[in-house]
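Encoded as structure tokens, the structure appears first; notes follow it.
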Amino acid sequence: METDFSNPVRMAMVGGGPGAFIGPVHRMAAELDGRIRLVAGAFSSDDARSRAGGRAYGLPDDRIYADWREMIRVESARADGAEMVAIVTPNHLHLPVALAALEAGLHVLSDKPATSTLAEALELEAAVSRAARCYALTYTYTGYPMIRHARAMVARGEIGPVRKVSANYTQGWLAERVESQGNKQAEWRVDPARSGIGGCIGDIGVHAFNLAEYVSGLRVERFVADLSSLDGRVLDDDCNVLLRFADGQPGVLTASQVATGERNDLQLKVHGTRATLAWSHEDPNSLHILRPDGRSETLRAGGAGIDARMRLPTGHPEGFIEAFANIYSDFADAVRGVPGLIDGQVPGITAGLRSMRFVERAVVASKAGGGWTPLND
């Protein structure tokens, strides 16, 4: 099915007002390929801040709301109203906004994690099933061309059966207590009322977990979790997890937001019997293939035979916003009727539920000092 660029999906956004990091990223990514157009938003619960945010995005005042409930009610009733809602809020609002949008007949694209708790994720799964609308999550790194190419290589058996998976995500921005210094991004992430049951594991650990399953094609069956709060916070800020996949393969997942000096170092390695695939977010346009005889090969985004969308020829790097845009464009195609994209190429409620189950059970098991913990009952 060809995309109709003359009929972009009309999008409303909840969150992402003045001072937000991820809101402008979502807006730029959504509109990059012309498949989605921002038409409305509730950018803050404060009316003045919401209006300032909406005007900065070029929206007329009658499409800017301070109350997301009112926005969903009004927009779902307009002939030219929003068809989808992008949720770019702290975690505690993910469930109520998604439920209201789905019940109003709108499609939903949410920032991760899907919800604050596993019980909420199960409630959301039921709502998605009832609504028969598209629901997906912006697990950003699944949008990178070389991640999608790595996934295709594994699926085709090019590296042989997978033996081990390593996913490591380290940051250092919480190495000091910046939440007490007016850093709004830190404030809500260390607050259980807004972040949910998980701290670091729910913020970036879910990215590593999702990426390990997304590329390898394997599913985690059980794990041993050791979560810490190295700076005395209520929620974890450092995570070390041993994984065991369903066919017995081992894996390792680490995530930290208190690794002093680290920036945004996400690395994935998938070790097969014939080769290892290695990818790093600090060099996202390269995929390294390591051979058992000592030879190595580096594939570049945009090169011949790469199984992913690229907007530029090889040698012209694409990055974070473009990866987001790949997810948004795929979601727009799904809304317009292209089958098989959600919970396939784009993580949907199935991936969101698995990630939330991983977060909650890892937190509980770590506090209890438990050993191997099943992901599913």
In debye to the nearest 20, how big a dipole does the chain give about its Cα centre with +1 on each Lys and Arg Cβ and -1 on each Asp and Glu Cβ? 600
Semi-axes, largest first, in whole Å: what does sqrt of 5 times each Cα gyration tensor eigenvalue give for segment 31-116? 18, 15, 14
Using the C-alpha gyration tensor of segment 112-171, what are the square roots of 5 times its eigenvalues, in whole angstrom, with the largest one first? 29, 16, 13
Given H placed 1.01 Å from N in the peptide plane, which residues other than close sequence neighbours of Gly272 have an amide H under 5 Å from its amide H? Arg163, Leu277
Distance between modelled label sites at Ala77 and Asp343, nm, 7 Å Cα→Cβ extension: 3.3
Residues Lys112, Lys367 in order from fewest to most other beta-carbon atoms within 10 Å are Lys367, Lys112
Over the chain: Rg over Rh, Cα atoms, Kirkwood Rh: 0.96
For a label point 7 Å from the Cα of Ala56 along Cα→C-beta, name the residues of segment 147-184 whose backbone N is under 15 Å from it. 184
Principal axes of segment 136-241: Cα extent on each, largest first, Å: 49, 28, 23
With each label point set 7 Å from Cα along the Cα-Cβ vector, what nm distance links Trp173 and Asp226? 2.7
Could you state the per residue volume, in Å³, of the convex hull enclosing the Cα atoms of segment 1-145? 121
Between segment 1-52 and segment 128-189, the Cα center-to-center distance that results, in Å: 21
If N is the number of residues in segment 269-377, what value comes out of its Cα radius of gyration divided by 2.2 N^0.38 Å? 1.41
If Lys and Arg each add +1 and Asp and Glu each add -1, what is the summed charge of the other residues whose beta carbon sits under 15 Å from the beta carbon of Thr115? -1
In terms of the charge dipole of the chain, which places +1 on Lys and Arg and -1 on Asp and Glu at the beta carbon, the residue among Gln267, Leu235, Val162 farthest towards the positive end is Val162
For segment 216-333, compute the orientation-averaged projected area of the C-alpha convex hull (one quarter of its surface), in nm². 10.7
Between Rg and the Kirkwood Rh of segment 168-218, both from Cα atoms, what is the Rg to Rh ratio? 1.08
Long-range amide H contacts for Leu38: which residues qualify at under 5 Å (H placed 1.01 Å from N, peptide plane, sequence gap of 5 or more or a different chain)? Met11
Please report the antiparallel percentage of the DSSP beta bridges confined to the chain, to the nearest 5. 60
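Read-outs throughout are calculated quantities, based only on the coordinates presented, and are distinct from any laboratory measurement. Computed from a predicted model, the values in this text were never measured in an experiment. Using ideal geometry, Cβ is built from the backbone for each residue, glycine included, and neighbour counts are taken over all protein chains shown.
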